[in-house]
Amino acid sequence: MGMIKTLKFGGTSVGSAANMRRVADIVVSEGARLTVLSAMSGTTDALVRISGAARGGDRETVRETVEMLREKYSTCIDELLGDCRPAARDRMEETLALIANETFTYRGEVSDKLILAQGELLTSAIFCFHMQELGYRAVLLTSPEFMHTDPEGKPDTGRLSGELTRLVTQTDAEIYYIAQGFICTDAAGQVSNLGRGGSDYSAALMGVAIGSDEVQIWTDIDGMHNNDPRVVERTFPIRRMSFDEAAELAYFGAKILHPATIQPCKEAGINVRLKNSMEPQAEGTLISDAEDNAMDFHAIAAKDGITVVRIASARMLMAYGFLRKVFEVFEKYRTPVDMITTSEVEVSLTIDSTCHLDEIIRELSPFGTVEVERDNTIVCIVGCIDYQHVGLAARIFDGVREVPLKMISYGANHRSMAILVATEHKKQTLQALNDRLFDSGCCR
Ligand code: ADP
Ligand code: ASP
Ligand code: MG
């Protein structure tokens with residue numbers, strides 16, 4: 001028996017009939033045990049728009065957007081399917097009717113999530129018909145039946161592995177199992193999701209649950225690049241990278257991976273391969289426990305929407321106990337802190353969730369003066385940035401010598417430095433670092 005593989009395909013990869021054909025080829029040639037699919041590109045955004053418009057009573061936008069989806073999916077069905085076309089069209093009409101119905105009998109949060117789930121459900125159903133028409137035994141699973149989250153939104157991995165391994169039983173027969181990424185059932189028993197871009201995370205969890213040897217994330221680019229290709233010119237794919245580095249880059253904004261994807265695979269020791277479905281022959285990126293120490297600097301990522309909170313203690317004598325008090329406030333409001341710098345009586349830290357900012361400021365105020373700065377970006381540089389390797393920090397600072405730096409975080413580990421800049425300086429910062437830290441056009 002060959003390797004057990006779990007393959008995930010993102011929105012662009014399943015974004016048209018032609019692309020779905022390519023996905024089927026890949027699924028078959030890789031011998032995927034489990035295939036996890038996102039919704040066709042643009043679908044989830046459209047569904048978000050529909051539920052937003054419904055909430056605002058904007059029936060016209062709802063109607064137009066449902067029509068746009070009908071057009072998109074019927075084109076795909078017509079171009080892709082033969083005998084299964086009527087069944088797929090029925091399935092599509094059921095989905096659109098459900099969306100319209102949920103929208104106009106709007107009950108809030110619950111129907112919202114149910115609407116968002118329809119993209120993955122419909123896309124995977126169409127793809128499964130295609131696999132069956134090609135003559136393969138393809139089985140469509142329903143992810144909310146085995147992907148459950150707790151009241152904090154954390155997936156129940158024990159339950160997942162029990163229930164999914166029961167379903168994915170045919171190990172040697174040529175059966176292709178197809179599941180939806182992104183969607184789940186929440187603690188209240190309602191259909192929900194793992195957050196935007198969450199299909200990568202679904203695939204990682206499911207891949208671990210069925211004991212895969214490898215999880216492959218197929219997307220529209222040839223692997224993890226050394227910098228954000230949407231912002232910077234002359235980026236290049238990185239061939240190998242460690243779990244920790246990949247997790248750090250994903251956490252600090254490398255959109256190619258949902259930030260939670262790496263952890264389950266790292267814990268289970270399962271390699272993650274990033275591949276380009278538009279160019280299956282391209283090497284992609286292999287993420288494993290192997291460290292790459294060949295280069296000083298490996299990659300850069302950026303995370304927007306960062307808010308700085310600066311607290312200056314009124315009393316010098318609070319020097320100890322001060323940090324604990326400050327952090328207790330963030331803990332109370334379940335607000336994670338990303339960067340932190342301290343002096344004897346001041347602490348500055350960054351958060352990316354401002355849901356409870358008002359309460360946080362109110363509770364911090366008795367400790368001293370509190371200042372808030374919005375619209376910042378954390379730029380994270382990863383590599384072998386060890387303190388013994390003299391001069392690396394100087395190269396980073398030389399690269400950003402023309403950028404106002406608001407915070408610097410260095411020394412927490414041996415592989416990264418993070419700097420905070422105003423978002424208006426993000427592009428300049430990323431490009432300057434790219435030009436200074438990497439030989440342009442360099443490819444490993
Ligand atoms: P999918 O729909 O397949 O999940 P995403 O759009 O979520 O695809 O992620 C792929 C995109 O991530 C790429 O097209 C690229 O623009 C963007 N991206 C951002 N940073 C990086 C990076 N460091 N390396 C590769 N791609 C990146
Ligand atoms: N379709 C979902 C989204 O657009 C999940 C994903 O693509 O990973 O966020
Ligand atoms: Mg994605």
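Every number here is computed from the coordinates shown, using simple stated rules; none is lab data. Fair warning: this is a prediction, and the values are worked out from it, not measured in the lab. Neighbour counts run over all protein chains shown; Cβ positions are idealised from the backbone, glycine included.
Would you compute, from DSSP H runs of 4+ residues alone, the mean residue ellipticity of the chain at 222 nm, taking -39500 (n - 2.57) per run and dividing by the full residue count, rounded to the nearest 500?
Details: 14 runs with 170 residues, N = 444.
The per-residue figure over the chain is -12000 deg cm²/dmol.
How large, in Å, is the stretch 29-75 by the Kirkwood hydrodynamic radius built from its alpha-carbon pairs?
Values: mean 1/r = 0.0815 Å⁻¹.
Hydrodynamic radius (Kirkwood, Cα only) of the stretch 29-75 equals 12.3 Å.
Please list 418-426, 133-141 highest first by mean number of surrounding beta-carbon atoms within 10 Å per residue.
Details: 418-426: 19.3, 133-141: 15.4.
My ranking of the peptides, most packed first, is 418-426, 133-141.
Per 10 Å bin from zero, what fraction in whole % of the C-alpha pairs of the stretch 273-429 is there, up to the bin with the longest pair?
Per 10 Å bin, starting at 0, the Cα pair percentages come out as 9, 31, 30, 22, 6, 2, 0.
Around residue 365, with a cut-off of 13 angstrom between Cβ atoms, what is the net charge of the other residues, counting Lys and Arg +1 and Asp and Glu -1?
Working: positive: 310, 325, 362; negative: 358, 359, 363, 371.
Summing Lys/Arg as +1 and Asp/Glu as -1 gives -1.
Let me have the relative contact order for the chain, percent, based on Cα pairs under 8 Å that are six or more residues apart.
Once divided by the residue count of the chain, the mean separation gives 14 percent.
Kirkwood Rh and Cα-based Rg: tell me the resulting Rg over Rh for the stretch 124-188, rounded to two decimals. Numbers along the way, then the final one.
Working: Rg = 13.5 Å, Rh = 12.9 Å.
When Rh is taken as the Kirkwood radius, the ratio is 1.05.
Note the per residue figure in Å³ for the convex hull of the C-alpha positions in the chain.
Normalising the Cα hull of the chain by residue number yields 160 Å³.
Angle between the Cα long axis of helix 426-437 and the longest principal axis of the chain, 0 to 90 degrees, nearest 10?
Computed tilt is about 80 degrees.
Give the order of 356, 414 when sorted by the count of other beta carbons within 10 angstrom, beginning with the fewest.
Details: 356 17, 414 14.
Fewest-to-most Cβ neighbours within 10 Å comes out as 414, 356.
Dividing the Cα radius of gyration by the Kirkwood radius, what Rg/Rh value follows for the stretch 175-263? Can you show the working numbers first?
Numbers: Rg = 14.6 Å, Rh = 14.5 Å.
Here the Rg-to-Rh quotient is 1.01.
May I ask you to work out the translational diffusion coefficient for the stretch 48-182 at 37 °C, viscosity 0.692 mPa s, via Stokes-Einstein with Rh from the Kirkwood sum over Cα pairs, reported in whole µm²/s? Intermediate results must be reported in sequence, preceding the final value.
Numbers: Rh = 16.6 Å.
Translational diffusion coefficient: 198 µm²/s.
Given contacts defined as C-alpha pairs under 8 Å and at least six residues apart, what's the relative contact order of the stretch 108-260, whole-number percent?
Details: 199 pairs, mean separation 30.4, N = 153.
Normalised by residue count, the contact order of the stretch 108-260 is 20 percent.
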